[in-house]
Amino acid sequence: MRLLGLVLFLALAPAWAHREGATAEQHLEALYQFGLNLQLSCSDDMRHSIVEHAHLPQVPADAHSEDAPPPDQWIRRQCLASMARRHLLLQAPSFTPSRAQLQAHLQQHSARFASPPSFDFEQLYFRNSRPARPDIIRLNRGEKLASAPHPLGRRFLRLSSVDIEARFGPAFATAVVSQSVDLWGEPVRSPLGWHLVRVKQKHPARSQDWSALRPAVLEHWRSVQRERWLQDKIRALAAGR
């Protein structure tokens, strides 16, 4: 009997597990049906936003196959699911954490709330002409260049690598991060042209004090709680409860 019971358990376990854990498709279907029950409707702007701005996944590649719903129907299904999700979130309770909960959340997500390393640097912009090696040597000796570079903002303070990349491109950001302090480095090219860069100071990553961090930690903690609450609601809808 024990052997028979084990065989039956192994045979039925996958089906049981599938019923217990709703898939993403089941969640989507549950939200869609919930939207129908609420008689929600999608505006043309909402449909356009879903496809153009990727607020939800794009129309799948097989959307035109015989077995898949037509694209318009698929978009409507995504639209109603999105609106049902928003409707459910309006019912979410106002989560109020204790200080210990917030501090534990901060510790768990410390990288999210830490200030990244930043850099003070100056640069000389040469537009189209690559600076020559003798120019770099003269600059590192404290001498002036014979031909003045094109003006483009000389000194930058406390920029992170993300900020530098946004302004000058990835090659420039890599050069600043890897360069020694107080030396003019090798020429680096950006979408703007050629540059010479001298890093004046590198500031290490730092954590802010609790009073400054608390509002951001609280908002992130609440967003996590709302998402957990929402997933429980969707699972209940998928299970027909």
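Taken together, the values in this text are just the output of simple stated rules run on the coordinates, not laboratory data. Values in this document were obtained by computation on a predicted structure and should not be read as measured data. Neighbour counts run over all protein chains shown; Cβ positions are idealised from the backbone, glycine included.
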In order over segment 80-93: 3J(HN,Hα) from phi, Karplus 6.51/-1.76/1.60, θ = phi - 60°, whole Hz, x for each Gly or Pro, gives 5, 5, 5, 5, 5, 4, 4, 4, 5, 5, 5, 8, 5, x
Assuming R0 = 51 Å, what is the FRET efficiency of residue 143 and residue 216, from their Cβ-Cβ distance, to the nearest 0.05?
0.60
Among 118, 211, 110, which comes first, second and so on when ranked by fewest other beta-carbon atoms within 10 Å?
211, 110, 118
Report the extension gain between residue 155 and residue 229 in nm, rounded to one decimal, defined as 0.36 nm multiplied by the number of residues separating them, less their alpha carbon distance.
21.8 nm
A convex hull over the alpha carbons of segment 85-241 yields, per residue, a volume in Å³ of 169
Would you calculate the separation in nanometres between label points at residue 192 and residue 167, each defined as 7 Å from the Cα along the Cα-to-beta-carbon direction?
0.8
Using the per-residue mean of other Cβ atoms lying within 10 Å as a proxy for protection, in what order, highest first, do the peptides 78-86, 33-41 fall?
78-86, 33-41
Setting aside same-chain residues fewer than 8 positions from residue 144, which lysines have a Cα under 20 Å from its Cα?
200
For an R0 of 41 angstrom, estimate the FRET efficiency from the Cβ-Cβ distance between residue 94 and residue 201 and round to the nearest 0.05.
0.40
Shape of segment 85-127, Cα gyration tensor, a/c cut at 1.5:
oblate
